[in-house]
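Here is the structure we will look at.
The values are calculated or read from the model by the stated rules, or taken from the named source; none is laboratory data. Here the structure is a predicted model, which is why all the values come from computation and not from measurement. Because the Cβ atoms are built from the backbone with ideal geometry, glycine has one as well, and the counts that use them run over all protein chains shown. All accessible areas refer to the heavy atoms of the entire protein, side chains included, with ligands and DNA or RNA removed. Shrake-Rupley method; radii C 1.70, N 1.55, O 1.52, S 1.80 Å.
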Amino acid sequence: MKTNRSMTMGIMATTTEEALPPLAPQQLLSLLYLASPSLPIGAFAYSGGLESAIELGWVNDEACLIDWCQGVMGEALGQLDVPVLLRLHRAWQDGDQSAISHWNAFVRANRETRELLFEDEQLGSAMCRLLKGLERLPEWLPERPGFLTLYAATCVNFGIDARQAALTWLWSYLENQVAVACKTIPLGQSKAQQVLMALMPHLEQVLARAERLGDDELGATLPGLAQASAWHETQYSRLFRS
């Protein structure tokens with residue numbers, strides 16, 4: 001079994017000032033496919049705590065939404081999902097089953113609420129069914145594979161670079177959060193586009209920071225997000241799953 005250097009040394013940092021590798025047409029189409037909210041795994045059914053934040057009055061306009069998304073991407077996704085995605089991508093490329101199992105379990109352990117873990121498990125199960133139908137399901141999977149683990153495997157299968165995969169993961173999160181806001185604040189379409197445009201440069205900043213993190217620096221650090229997610233589990237009226 002191969003040894004995964006990322007488990008002891010972290011991911012070697014590369015600046016986002018470097019040009020991302022060009023994508024072949026089929027790679028680009030695969031990336032757009034993975035980023036699309038139409039991907040039939042049900043990610044659009046979850047709010048990631050945002051519906052509760054809106055109910056509590058924490059987020060009530062586009063400025064608050066920008067602050068919310070920027071904080072979650074920087075201190076949650078940028079501290080956990082993105083750096084672990086980079087490690088999982090490398091592990092799938094290397095065929096390192098030990099590393100894949102380690103980082104899959106690490107992500108599960110860092111899902112701070114039942115709702116967040118449930119979302120990860122359900123999207124992972126849906127992704128498994130999708131990949132099986134497409135005949136692209138990996139021959140081996142770790143125990144209870146989460147969505148992030150399967151997303152990394154699919155990107156490797158499609159020949160998508162790790163950094164491209166990470167930016168797409170961030171974009172999918174951002175687009176979904178804006179869609180949630182449109183339904184619940186409600187946020188108009190023009191304001192929604194302004195939020196997306198305002199936060200586009202932030203995605204590269206999050207990735208650049210994530211690439212510099214060592215293994216002992218990983219983990220989500222937003223107690224407010226965990227509270228919002230936990231409260232959402234018992235929120236009286238909900239549009240999104242819990």
Put 87, 114, 108, 163 in order of accessible area, largest first, probe 1.4 Å, and you get 114, 108, 163, 87
Note: probe point = Cα of residue 209 + 7 Å toward Cβ; backbone nitrogen < 14 Å; residues of the stretch 57-72 passing the test are 67-72
The stretch 41-109, Kirkwood Rh and Cα Rg, ratio Rg/Rh at 1.12
For residue 102, the accessible surface traced by a 1.4 Å probe with all protein chains present amounts, in square angstrom to the nearest 10, to 80
Excluding ligands, DNA and RNA, the carbon-plus-sulfur percentage of the accessible area of the stretch 55-157 with a 1.4 Å probe reads 45
